[in-house]
Amino acid sequence: MNADNPFPGERTAVITGAASPRGIGRATADRLARDGWSIAILDLDDEAATRTAAEIAGNRSVVSLGVAADVSDEDSVEAAIAQVEASLPPIIGLANVAGVSSPTDFLDITTAEWDRVFDVNMRGTFLVTRRVVPAMIAAGVGRIVSVSSISAQRGGGTYSKVPYSASKAAVIGFTRALAREMGPHGITVNSVAPGPIDTDIMGGTLTEERKAELGADTMIGRVGAVAEVAALMAFLLSEDAGYITAATYDINGGLQVS
């Protein structure tokens, strides 16, 4: 723990892309609420963000807020975080979860498709992080966790291809470099690299046949659950994780051994 700057009793975690009912972001928001955080859900879908925040608040008895935000747009991010800061306790945690996939073969990728993937997966991570860091510096403590992917380590091979893998590799480099700058301020910066997880990002809800196929090559013999990724992210966002920074945690059932 950071004895000089302990976590404030009232604190907020911002989770991007957290309105999907079956997503890692939604599971992470719920887990953090269980751990006593106030929750701010940023999502492109305003109605879903508001509904998800209300559900979590009701289930966990915490203060929560759902805000519409396009993480790739600077003005949208500014407006969303300003609303969070005006409504909730200080922002101490950030989970960069918002992301898009891209199964397009390299020779078929348009510049627009490339930019779309990088705009959400990397530019969005940058914009939201840059906007919330000043509050963490003011508090003298903070936790940032971003979602990368096993695709960044293996060069794809599950569903998405070059733009996705490259953007998620950029998240790892961003994490390591930012951790170096933020360490003196009491802020840790880490990433997680999930393998095949039972979400809808790989072209929709996985069939039982597809889950069996994806899980066959893992040491565990199955795909992962969003709750398992959420548990890892919640730990890295916790006060107890104060001596972990610049790390990328694999959570892939042994599909990739780093």
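Residues of region 241-258 that are aromatic (F, W, Y) and outside any loop (DSSP other than H, G, I, E, B): Y249 alone.
Could you list, in sequence order, all residues of region 137-147 that are surrounded by 23 or more Cβ atoms within 10 Å (Cβ to Cβ) and either among the β-branched types (V, I, T) or in a helix (DSSP H, G or I) (or both)?
Those that are surrounded by 23 or more Cβ atoms within 10 Å (Cβ to Cβ) and either among the β-branched types (V, I, T) or in a helix (DSSP H, G or I) (or both): V141, I144, V145, V147.
The set of residues in region 88-115 being in contact (Cβ under 8 Å) with a residue 40 or more places away in the chain and in a helix (DSSP H, G or I) consists of F106, E113, W114. Which of (1) closer than 30 Å to D217 by Cβ; (2) buried (at least 22 other Cβ atoms within 10 Å of the Cβ) is the odd one out, the single condition I91 does not satisfy? With (1) closer than 30 Å to D217 by Cβ; (2) buried (at least 22 other Cβ atoms within 10 Å of the Cβ) applied to I91, the lone miss is (1).
Of the residues L65, L42, only one is of a type outside the set (S, T, Y), surrounded by 24 or more Cβ atoms within 10 Å (Cβ to Cβ) and either in contact with a helix residue (DSSP H, G or I) (Cβ under 7 Å, 6 or more places away or on another chain) or outside any loop (DSSP other than H, G, I, E, B) (or both); which?
Only one candidate passes the filter, namely L42.
Listed here are the residues, each with its yes/no results for (1) touching a Pro at 6+ places or on another chain (Cβ under 7 Å); (2) modelled with pLDDT under 90; (3) at positive phi; (4) buried (at least 16 other Cβ atoms within 10 Å of the Cβ).
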position: G195; (1), (2), (3), (4): no, no, no, yes
position: D198; (1), (2), (3), (4): no, yes, no, yes
position: G204; (1), (2), (3), (4): no, yes, yes, no
position: T207; (1), (2), (3), (4): no, yes, no, no
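The values are calculated or read from the model by the stated rules, or taken from the named source; none is laboratory data. Quick caveat: nothing in here was measured; it's all calculated off a predicted structure. Counting neighbours? That spans all protein chains shown, and the Cβs are built from the backbone with ideal geometry, glycine included.
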